[in-house]
Amino acid sequence: MKRRDFITLIGGATAAWPLAARAQQPTMPVVGFLNVLGQNDRPNLPAAFRRGLGEAGYVDGRNVAIEYRFAENRYDRLPAFAADLVGRKVAVIAATGGGASVLAAMAATTTIPIVFTTAGDPVQLGYVASLNRPGHNVTGVSWFSGLVAGKALGLLHELVPNAPVVALLANPNLPENVRTQSDAQEAARTLGQQLLVLNASTASEIEAAFATMRQRRVSALFVGADPFFSSRRQQIVALATRDAIPDMYTNREFVEEGGLISYGNDTADSYRRAGVCVGRILNGASPADLPVDQATKFELVVNVKAAKAIGLTIPESFLARADEVIE
């Protein structure tokens, strides 16, 4: 072989080596994040999800990529977003923000792992076969806040025992809402109260719901667990305070905003746990064998300042049971 040909051969091999080496490197996994809210509605939730991924060893942009799809409270967008993520061959879909995103992801794929977050019972909702052995490609985190309607109305009854009419603000687009309404109706009957169910899925419908409450002289309000309501918590709390309606929530963020009382789990922590679950799947775990993470520690938070603003006195015995009292 001539010296010039040998140098050319070696040079060509050297140039080709990095290409071959890069081709052998593992491709960075992509996680699809599907959510019904707007991108800026509750930024603490995607941040909590990323923290969970980090605990499992995955950092966005370093060894995992996240494709975000926010529906901006347009539920009709979810099926197309889910199909797009499937078309991009993501490794896992994190279906968050309520049952509509979970159902959209499940309709789009039966093979790509799906990790959900829900306030309801995932077995009753049809997401998994059982909590311990989900089966198929779906598992996730449930904080069961959609199942506390009876407890919530009982707590409200302690604070406003002579309330003849109690309102339930519910989002009809949320699958978990069916169980919330039935539980609330049963609890109201037991307490001898009339339950007024008011549906809302837009800001203007929330305004209309409060107008109806004023007309019907509602004595107390329970706001069902819903990501859209959480994104509108400033509006809801302001209206309840204006109308001096004792208000009950499943999310402490409402109480931190000036609402009266909440009983439920930490939603942000549930998103963190969903991130951990996604990381476990990326590390090789099968969603069929990953038990549903049950966030079942409920906390009672009371805002004394909010009570004073609406002229309500909270008994010391009630405050003594609270996990946190906001002065």
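The values are calculated or read from the model by the stated rules, or taken from the named source; none is laboratory data. It should be emphasised that the depicted structure is a prediction, and the values quoted were computed from it without experimental measurement. Note that we place each Cβ from the backbone using ideal geometry, even for glycine, and neighbour counts take in every protein chain shown. Accessible surface areas use protein heavy atoms only, side chains included; no ligands, DNA or RNA. Shrake-Rupley method; radii C 1.70, N 1.55, O 1.52, S 1.80 Å.
Would you confirm whether or not region 244-256 contains a residue that is open to solvent by 10 Å² or more (accessible area, probe 1.4 Å), at positive phi and in contact with a helix residue (DSSP H, G or I) (Cβ under 9 Å, 6 or more places away or on another chain)?
There is at least one residue in region 244-256 that is open to solvent by 10 Å² or more (accessible area, probe 1.4 Å), at positive phi and in contact with a helix residue (DSSP H, G or I) (Cβ under 9 Å, 6 or more places away or on another chain).
Do you know which residues across region 198-208 are aliphatic (A, V, I, L, M), under 24 Å from ALA187 (Cα atoms) and surrounded by fewer than 22 Cβ atoms within 10 Å (Cβ to Cβ)?
LEU198, ILE206
Taking region 232-243, which residues are open to solvent by less than 10 Å² (accessible area, probe 1.4 Å) and either in a strand (DSSP E or B) or small (Gly, Ala, Ser) (or both)?
Hit for region 232-243 is ALA240, nothing else.
Do you know which residues across region 294-325 are small (Gly, Ala, Ser) and open to solvent by 50 Å² or more (accessible area, probe 1.4 Å)?
ALA309, GLY311, SER317, ALA320
Considering region 162-180 alone, what residues qualify as being open to solvent by 50 Å² or more (accessible area, probe 1.4 Å), touching a residue at least 40 places away in the same chain (Cβ under 8 Å) and farther than 20 Å from ALA240 by Cβ?
Result: ASN173, ARG179.
Check region 134-150 and report whether any residue there is open to solvent by less than 10 Å² (accessible area, probe 1.4 Å), under 20 Å from ARG216 (Cβ atoms) and modelled with pLDDT under 95.
Yes, some residue in region 134-150 is open to solvent by less than 10 Å² (accessible area, probe 1.4 Å), under 20 Å from ARG216 (Cβ atoms) and modelled with pLDDT under 95.
Mind checking which residues of region 35-70 are under 15 Å from ASN173 (Cβ atoms) and either hydroxyl-bearing (Ser, Thr, Tyr) or at pLDDT 95 or above (or both)?
ASN35
Residues of region 164-180 being more than 17 Å from VAL218 (Cβ to Cβ) and not in a helix (DSSP H, G or I), which ones? Walk me through how you get there before you give the answer.
Here is the first cut: in region 164-180, the residues more than 17 Å from VAL218 (Cβ to Cβ) are 171-180.
Once the filter is applied, which keeps residues that are more than 17 Å from VAL218 (Cβ to Cβ) and not in a helix (DSSP H, G or I), region 164-180 yields ASN171, PRO172, ASN173, LEU174, PRO175, GLU176.
Given the options THR250, THR313, name the one that is among the β-branched types (Val, Ile, Thr) and under 20 Å from the mean Cα position of the chain (by Cα).
None of the others qualify; the one that does is THR250.
Taking the options PHE210, PHE254, PHE228, name whichever one is of a type outside the set (S, T, N, Q), part of a helix (DSSP H, G or I), out of contact with any Phe, Trp or Tyr (no Cβ under 6 Å at 6 or more places or on another chain) and at pLDDT below 95.
PHE228
Restrict the check to region 181-196 and report whether at least one residue is surrounded by fewer than 18 Cβ atoms within 10 Å (Cβ to Cβ) and in a loop (DSSP other than H, G, I, E, B).
Within region 181-196, one or more residues are surrounded by fewer than 18 Cβ atoms within 10 Å (Cβ to Cβ) and in a loop (DSSP other than H, G, I, E, B).
Scan region 257-283 for residues that are touching a residue at least 40 places away in the same chain (Cβ under 8 Å), open to solvent by less than 10 Å² (accessible area, probe 1.4 Å) and not in a loop (DSSP other than H, G, I, E, B) and report the count.
8
May I ask you to verify whether VAL102 is under 13 Å from the mean Cα position of the chain (by Cα), of a type in the set (A, V, I, L, M) and under 12 Å from VAL36 (Cα atoms)? Even if it seems obvious, please write down each step before you answer.
Details: under 13 Å from the mean Cα position of the chain (by Cα): yes; of a type in the set (A, V, I, L, M): yes; under 12 Å from VAL36 (Cα atoms): yes.
When the stated conditions are applied, VAL102 passes them.
Among the numbered criteria (1) open to solvent by 20 Å² or more (accessible area, probe 1.4 Å); (2) at pLDDT below 95, which single criterion is violated by PRO291?
Checking PRO291 against (1) open to solvent by 20 Å² or more (accessible area, probe 1.4 Å); (2) at pLDDT below 95, the one that fails is (2).
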